[in-house]
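Accompanying notes for the structure given below.
The values are calculated or read from the model by the stated rules, or taken from the named source; none is laboratory data. Being a predicted model, the structure only gives us computed values, none of them experimental. We place every Cβ from the backbone using ideal geometry, glycine too, and count neighbours over all the protein chains shown.
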Amino acid sequence: MAKIIAGIGCSHVPAVGAASDHGKTEDGYWTPLFAALPAARKWIKDLAPDVLILVYNDHASAFSLELIPTFAIGVAQWFENADEGYGRRQIPNVEGHPELAWHITESCILDGFDLTIANKMDVDHGCSVPLTVFFGEPAAWPVKVIPICVNVIQYPPPTARRCYDLGKAIRKAVEEYDGELKVAIAGTGGMSHQLQGERSGVINTEFDVNYLDNLRDNNDVNRDRSHLEYIREAGSEGIELVMWQIMRGAMNEKVVEKFRKYHVASSNTAFGVICFENAPEEKSAAEIKAMKEPVLVEYANALGITAHVNDLKKDTLEKVLSKLGYS
Ligand SMILES: [Fe+2]
C-alpha cells in the first residue's frame with residue numbers, strides 16, 4: 001500500500017520564487033529565510049517521497065472568476081508553469097502521478113468529496129514556490145506532484161473543518177492504493193497577510209505562532225475556527241491557512257515536528273514553514289524494553305530523539321522511556 005510519510009505546511013509567497021530565480025537568496029533581505037532552508041531540504045531529501053500531494057490555491061492562472069471550483073485535483077501527466085503576467089518561471093514543469101490522482105479522485109468522490117477533475121491545469125506560484133522552498137533549483141523536480149487547488153479567492157471558501165475532513169479522505173485513499181509509494185502532503189498558503197483594504201499589510205505574529213503550535217499539538221483549535229476568526233486574526237488572505245488543514249487531516253493525531261521557520265517579513269506577508277512526521281504508535285514500557293537495538297533507534301528517532309546504532313543501547317532506552325514518561 002501507499003503511505004503518507006510526511007506533512008508540510010508552507011507559505012507560497014510569490015516573491016520567494018522570484019528571489020530564488022534572480023539569485024537574491026543571499027542579498028541580506030532574503031538571507032534569514034533562505035539560510036534556514038537547507039535543514040528542511042535535507043529532511044525531505046532523506047525521506048525521498050515518491051509523490052507530493054500539493055494543496056494550494058490558484059491565483060486566477062488556471063481558473064478565472066468565470067469558473068471557481070472549491071476543490072480541484074490535477075490528474076494530468078504534466079502540469080506547465082503558468083505565466084502570471086511576467087512570463088513563465090524558468091523552472092522545471094511539474095510531473096504528475098495520474099494513476100494515484102485518479103485513485104484519490106474516485107475514492108474521495110465516493111466518500112462524499114466532489115472534487116473537480118482537472119485534465120489540464122497550469123500551476124502558478126501557489127504550487128511552484130513550495131517546490132522551490134523544498135528542492136531549490138534542480139534540473140527536474142525530484143518528486144511527482146498531485147496538485148489540489150482550493151478556492152480561497154472568492155467567498156465562500158470551504159471551512160477549515162471541511163478541509164481537515166478532506167485530508168482524512170485523502171489519507172484513506174492513499175492507504176488503499178494498490179502500490180508501494182511514499183507520499184508526502186503539503187498544505188500551502190498563508191500565513192497572516194492582507195493585500196487590500198484598510199488593513200492592508202496586517203501581520204499577526206502571535207496568531208501565526210499559535211497556529212503553528214496548535215497545528216502540532218492542539219489542532220482542534222485551528223480546525224474549528226470560523227472564516228471570520230481567520231480573517232479577523234490573520235487578514236483577508238490569511239484565510240489561506242485553511243488549506244494547511246488538508247495536510248493536518250491526512251496525518252496522525254500525534255505528529256513530531258521536524259522543522260520550523262517563521263520569518264517576518266517576506267514581501268508583505270509572514271512566511272512560515274513547518275514539517276511533520278507521524279508520531280509512532282504508543283508502546284508500553286515492556287514493549288520498548290523488548291525492542292532490538294535497530295528498532296529501538298528507529299523508534300527513538302521517530303519520537304524526535306537523536307539516536308544512532310553506535311550509541312549505547314541503555315542510553316537510548318533511557319531517553320525513550322523518559323520521553324514517554326515511563327521513568
Ligand atoms: Fe495564495
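Observations on the model:
- When each of Y230, Y262 is tested for being part of a strand (DSSP E or B), in contact (Cβ under 8 Å) with a residue 40 or more places away in the chain and either hydroxyl-bearing (S, T, Y) or over 30 Å from G28 (Cα atoms) (or both), the lone residue that passes is Y262.
- Residue match in the stretch 278-294 (condition: crowded, with 21+ Cβ neighbours inside 10 Å and of a type in the set (V, I, T)): no
- Test: residue in the stretch 113-125 that is of a type outside the set (D, E), surrounded by 21 or more Cβ atoms within 10 Å (Cβ to Cβ), in the same structural domain as T188 (by TED's automatic domain parsing) and part of a helix (DSSP H, G or I): yes
- Selection status of D58, within 16 Å of the ligand (Cβ to nearest atom) and modelled with pLDDT of 95 or more: yes
- Sole residue being among the aliphatic types (A, V, I, L, M), under 20 Å from the mean Cα position of the chain (by Cα), within 15 Å of the ligand (Cβ to nearest atom) and surrounded by 19 or more Cβ atoms within 10 Å (Cβ to Cβ), chosen from V75, V133, V94: V133
- Subset tally (residues that are assigned to a helix (DSSP H, G or I), closer than 17 Å to H125 by Cα and more than 16 Å from the ligand (Cβ to nearest atom)) for the stretch 6-33: 3
- Looking across the stretch 233-254 at every residue that is more than 16 Å from the ligand (Cβ to nearest atom), in a helix (DSSP H, G or I) and in contact (Cβ under 8 Å) with a residue 60 or more places away in the chain, the one that is surrounded by the fewest Cβ atoms within 10 Å (Cβ to Cβ) is identified as G249.
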